[in-house]
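The values are calculated or read from the model by the stated rules, or taken from the named source; none is laboratory data. Small disclaimer: the values here were computed from a predicted structure and weren't measured. Because the Cβ atoms are built from the backbone with ideal geometry, glycine has one as well, and the counts that use them run over all protein chains shown. Quick note on the areas: whole protein, heavy atoms, side chains included, nothing else; ligands and nucleic acids left out. Shrake-Rupley method; radii C 1.70, N 1.55, O 1.52, S 1.80 Å.
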Amino acid sequence: MGGLGIDLGTANTVVATPEDGVVFNEPSFLLVREKDPHRALAIGQDARELVGRTPVGITPVRPIRDGVIVDLESARTFVTAVIKRVAPHRSYGLRPNGVISVPAGATPLERRAVLEVGHEAGLRKVGLVPEPVAGALGCGINPLEARAHLVVDIGGGTSEVTAICFGGILSHRSCRLAGDELTTALYQYLRAEHKIVVGELTAERAKVGTPGTPDGQALVVEGRDAVTGRARLVTLEIEEIVEALRPTTTGIVQTLTDCLEDLPAQAIGDVMSEGLLAIGGGAMLRGLSQLLEESFGFPVKTAERPLTCVAEGAKACLEHPEVVAAYSS
Ligand SMILES: Nc1ncnc2c1ncn2[C@@H]1O[C@H](COP(=O)(O)OP(=O)(O)OP(=O)(O)O)[C@@H](O)[C@H]1O
């Protein structure tokens, strides 16, 4: 059976299909003409690259904030363009079915907005699944078994901590301390401590690290001196980055603590023996899994593919509608 598993994220949108796996994995950005907001000029990476250098009359839009749709019209334009991009090459028939992930804490109104956008963007049947449930499924965990699983999803806009068991949510907490906030914290640290102003993309690169370089290697960051305005380089040791981000990561630890406090004792036993599953791009932050293990004393397993496991789980739901049905309320 065909169809699309869709993770509509604040930072990235990922689409997976049963036939081909991940077929779209790009930033949730859209570029439109102000006079014609229904037509996408560019989406994803192409649109993201133009941020900060768009000509007059053209606007970059992020239709998703904190995991939920903030602008129905641009979300519809964005999702329609994404489906057009991934669907023509495949034999889905005219209107593919879709399962879309939503934050576990989404309100009924926010869930309805996603359903509406899915239908209007051309999907035939649309199912919704909570992100931690999809993420767990995408990592090979059965979210219907009679055993508690604790999932932390550190995305672009929010960190969500959710305990799931037997088709239901045991406890859930979320905070707005996630990838975007970590990037902002690093930007502010560089300005305050090193008197250097960097671009958003530079701060993001410093947070993520350079692919292919060893984890402990220092980073050289380029920016503008806050006083003289001249270009300047700063070398940042990894330990310094970890410390600069400490106030934000401590907030994420607090959210986990709050969620654990709501858990029944029997479920705590499951979590102690099985540990915590960390998903979302922020789960790859250097030093984070060690911090969580030190704070809670149980193992932390970072997903093998933290950025795509939610879409892969949503795709798996196409073949397991019982998961969508169980977690639909
Ligand atoms: N190696 C890395 N280290 C730290 N952060 C990373 C790394 N790779 C990606 N990120 C961050 O992960 C975030 C994106 O994660 P993800 O795609 O899971 O979020 P999202 O699903 O779009 O957001 P949300 O769940 O809030 O809607 C970005 O802030 C990005 O900077």
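Here region 111-160 is the region considered, the condition is being among the basic types (Lys, Arg) and in a loop (DSSP other than H, G, I, E, B), and the residue that is farthest from Leu292 (Cα to Cα) is Arg124. Restricting region 286-320 to residues that are over 22 Å from Thr249 (Cα atoms) and of a type in the set (D, E, K, R) leaves a set whose member that is farthest from the ligand (Cβ to nearest atom) is Glu319. Can you tell me which residue among Gly216, Gly251, Gly282 is within 16 Å of the ligand (Cβ to nearest atom) and assigned to a loop (DSSP other than H, G, I, E, B)? Of the residues listed, the single one that is within 16 Å of the ligand (Cβ to nearest atom) and assigned to a loop (DSSP other than H, G, I, E, B) is Gly216.
Quick check, is Thr210 in the same structural domain as Ile279 (by TED's automatic domain parsing) and modelled with pLDDT of 95 or more? No: the conditions fail for Thr210. The lone criterion from (1) open to solvent by 40 Å² or more (accessible area, probe 1.4 Å); (2) touching a residue at least 24 places away in the same chain (Cβ under 8 Å) left unmet by Ala265 is number (2). Residues in region 157-210 that are closer than 24 Å to Pro143 by Cα and either within 10 Å of the ligand (Cβ to nearest atom) or hydrophobic (A, V, I, L, M, F, W, C) (or both): Thr158, Ser159, Glu160, Val161, Ala163, Ile164, Cys165, Phe166, Ile169, Leu170, Ser174, Cys175. Of the residues making up region 181-195, just one is open to solvent by 60 Å² or more (accessible area, probe 1.4 Å) and touching a residue at least 60 places away in the same chain (Cβ under 8 Å), namely Glu181. Is it the case that some residue within region 227-239 is in a helix (DSSP H, G or I) and surrounded by fewer than 16 Cβ atoms within 10 Å (Cβ to Cβ)? Scanning region 227-239 turns up at least one residue that is in a helix (DSSP H, G or I) and surrounded by fewer than 16 Cβ atoms within 10 Å (Cβ to Cβ).
Residues that are within 16 Å of the ligand (Cβ to nearest atom) and among the hydrophobic types (A, V, I, L, M, F, W, C) within region 24-58 comprise Phe24, Phe29, Leu30, Ile43, Ala47, Val51, listed in sequence order. For region 28-46, check the following and say yes or no: at least one residue is touching a Gly at 6+ places or on another chain (Cβ under 6 Å), crowded, with 20+ Cβ neighbours inside 10 Å and in a strand (DSSP E or B). No, there is no match, as no residue in region 28-46 is touching a Gly at 6+ places or on another chain (Cβ under 6 Å), crowded, with 20+ Cβ neighbours inside 10 Å and in a strand (DSSP E or B). Restrict the check to region 7-21 and report whether at least one residue is open to solvent by 60 Å² or more (accessible area, probe 1.4 Å) and assigned by TED's automatic domain parsing to the domain that holds Gly313. So far as region 7-21 goes, yes, one or more of its residues are open to solvent by 60 Å² or more (accessible area, probe 1.4 Å) and assigned by TED's automatic domain parsing to the domain that holds Gly313. Here is a check on your reading of the model: is Pro60 in a strand (DSSP E or B), open to solvent by less than 70 Å² (accessible area, probe 1.4 Å) and at pLDDT below 95? For Pro60, the condition - in a strand (DSSP E or B), open to solvent by less than 70 Å² (accessible area, probe 1.4 Å) and at pLDDT below 95 - is met. Figure legend. Inter-residue proximity from region 119-141: first residues within 15 Å of Ala163 (Cβ to Cβ) and open to solvent by less than 10 Å² (accessible area, probe 1.4 Å), second residues assigned to a loop (DSSP other than H, G, I, E, B) and away from the ligand (no atom under 14 Å from the Cβ), beta-carbon distance below 7 Å, spacing 6+ or different chains. Indicated pairs: Pro130/Tyr327; Val133/Pro143; Val133/Tyr327; Ala136/Pro143.
Is it true that Glu293 is open to solvent by 40 Å² or more (accessible area, probe 1.4 Å) and farther than 25 Å from Tyr187 by Cβ? Yes: the conditions hold for Glu293. Taking the criterion of being in contact (Cβ under 8 Å) with a residue 24 or more places away in the chain and acidic (Asp, Glu), the residues of region 207-255 that qualify are Asp215, Glu222, Asp225. Among the residues of region 67-77, are any within 21 Å of Gly281 (Cα to Cα), modelled with pLDDT of 95 or more, assigned by TED's automatic domain parsing to the domain that holds Pro321 and open to solvent by less than 10 Å² (accessible area, probe 1.4 Å)? Within region 67-77, none of the residues are within 21 Å of Gly281 (Cα to Cα), modelled with pLDDT of 95 or more, assigned by TED's automatic domain parsing to the domain that holds Pro321 and open to solvent by less than 10 Å² (accessible area, probe 1.4 Å). Against the list (1) closer than 14 Å to Gly5 by Cβ; (2) within 12 Å of the ligand (Cβ to nearest atom); (3) touching a Phe, Trp or Tyr at 6+ places or on another chain (Cβ under 7 Å), the condition Val133 fails is (2).
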